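Each remark here refers to the structure printed beneath this line.
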Amino acid sequence: MKTVKVYGPGCKRCEATEQMVRDAADRLGLEVAVEKVTDAKSIAMAGVMSTPGVAVDGKLVHAGGLPDAAKLDGWLTA
Amino acid sequence: MTTETQDQAAPRGGSDWLWYGGVPLAGVIWWLLYGQLIPVSEWVTSLFPVARDSHTGEAIAFFVYDVPKVLLLLTGIVFVTGVLRSWFSPEKTRAILAGKRVIWGYPLAATLGVLTPFCSCSSVPLFIGFVSAGIPLGVTFSFLIAGPMVGPVGLGLLYGLVGWEIATVYLVFGFTIATLAGFVLGRLGLERYLQEWVRELNTGPVGDLPEERLTLADRLRIGAEQVREILGKVWIWVVVGISIGALIHGYVPQAMMLRIMGGEAWWSVPAAVVVGVPMYTNAAGVIPIVEALLGKGAALGTTLAFMMSVIALSLPEMIILKQVLTLRLIAVFIAVVSMGILATGFLFNILL
């Protein structure tokens, strides 16, 4: 099972990103643990400078703006 | 939200030509609409049962002309900026600045502050990202001041509503303040006034994101998304700002304006800063007010000071930065930037 972390202080786009991850996992029938990281320190420690950031299994794959849906599917199935 | 995500998922691949054709077409429509602003707004005003030259008539005319004008200008500016900014990112900017320790790190940071896309909601991770990569505190401040201060939205609106002369003055002085304030803050050796956890933080080598290859259509799409996002957020500020501007334009007597914001009243400059700092709006909301103030004879220096303090120093942003800066550092930051704004205000009131 993959662990996806969504980094963001709680802005609208961060919530939208989290929802995108959940929707994509449902659609692909994957079991994914989604964790939302809102603490500024943890966000910075992960190397995210523009939020929302997305990490899959500890590896940062995206930062800044909503992720592209097709790429998101790719990260989840990789 | 769900519709938005679907929107983005759909047009991949073959639809690029839609963008190459659609954007110029939208540009032509934009141009035609913009040309019709005066006749249409005068026609709308004439529908109201008030005399055109009465207070109310003047206020209505101001409102129905400015609202569509500002929204059209914003659409154009935000789109172009969105496309241009797609070549920049906070990660690239950090890489550029991290290597620069010499004096012109400051103007460089101010320039990149204007070009790099970032929203105030991520200013804390961005601040930490910069500082932990070894970018000096002062250079980081230059970046953070320039972003909102000389944002393209504000400049574009100033150009459209007030004229290119004042837009240029604003650009030059806003940029200078960002550069000098960063330089002064850097010289003060304020690192010890960061919050403790920030000083101890050592993020080490940070996540390297794979470089994204964007086609021109991708960049145009980014521009269009920016328009939807930013206009969706600021239109209400625009309407409120123009309403206030319209009231000033229609009702405030010129003599009173000259007394309060005229060049003679020296205290008007600090007063403008004191009023401006806690005001929370953005460039799109404040520039219609600036337009009305200048039209009524307010002194340029006072008006510039008001505009700069509203845009560059905002209380909510300070509250966000409280997570990484101690109150003491925030106070010094506000003081240094205010000095720059005051100097600009006095200079222009004396010169003109």
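None of the figures in this text is laboratory data; all of them are computed from the coordinates on show. All values derive from a computational prediction rather than experimental measurement. Because the Cβ atoms are built from the backbone with ideal geometry, glycine has one as well, and the counts that use them run over all protein chains shown.
Going from the residue with the fewest nearby Cβ atoms within 10 Å to the one with the most, B:Y159, B:Y106 rank B:Y159, B:Y106.
For B:T179, A:T77, the sequence from fewest to most other C-beta atoms within 10 Å is A:T77, B:T179. For chain B, the membrane-span-like helices by this rule, meaning whole DSSP H stretches whose C-alpha atoms cover at least 20 Å of axis and whose Kyte-Doolittle mean is 1.6 or above, are B:327-351; this says nothing about an actual membrane. When the pairs A:K2/A:K41; A:K36/B:K233; A:K5/A:K59; A:K5/B:K92; A:K59/B:K233; B:K69/B:K233 are compared against a 21 Å limit on Cα-Cα distance, A:K2/A:K41; A:K36/B:K233; A:K5/B:K92; A:K59/B:K233 fall above it.
Decide, for chain B, between rounded, prolate and oblate: order the square roots of the alpha carbon gyration tensor eigenvalues as a ≥ b ≥ c, take rounded if a/c falls under 1.5, and otherwise choose prolate if a/b is larger than b/c, else oblate. It is oblate, given that a/c is not under 1.5 and a/b is not larger than b/c.
Restricting the range B:236-344 to GluC sites (Glu not before Pro) that sit in a DSSP loop and have at most 11 other Cβ atoms within 10 Å of their own Cβ leaves B:E264.
Of the chymotrypsin sites (Phe, Trp or Tyr not before Pro) found in the range B:250-352, those in coil by DSSP whose Cβ has at most 16 other Cβ atoms within 10 Å are B:W266, B:W267, B:Y280.
Counting only residues at least eight positions apart within a chain, or on another chain, the aspartates and glutamates with an alpha carbon under 19 Å from that of A:K12 are A:D23, A:E35, A:D39, A:D68, B:E4, B:D7, B:E225, B:E229, B:E317.
The helix-only estimate of mean residue ellipticity at 222 nm for the protein assembly as shown, built from DSSP H runs of length n ≥ 4 each weighted as -39500 (n - 2.57), is -22000 deg cm²/dmol after division by the residue total.
According to the square roots a ≥ b ≥ c of the eigenvalues of the Cα gyration tensor, what is the shape class of the range B:272-311, taking rounded for a/c under 1.5, prolate for a/b larger than b/c otherwise, and oblate for the remainder? Here the range B:272-311 falls in the oblate category. If the chain linking B:T215 and B:L258 were pulled fully straight, counting 0.36 nm for each residue of separation and taking away their Cα-Cα distance, it would gain 10.2 nm. When the square roots of the Cα gyration tensor eigenvalues are ordered a ≥ b ≥ c, the ratio a/c for the protein assembly as shown is 1.5 or more and a/b does not exceed b/c, which makes its shape oblate.
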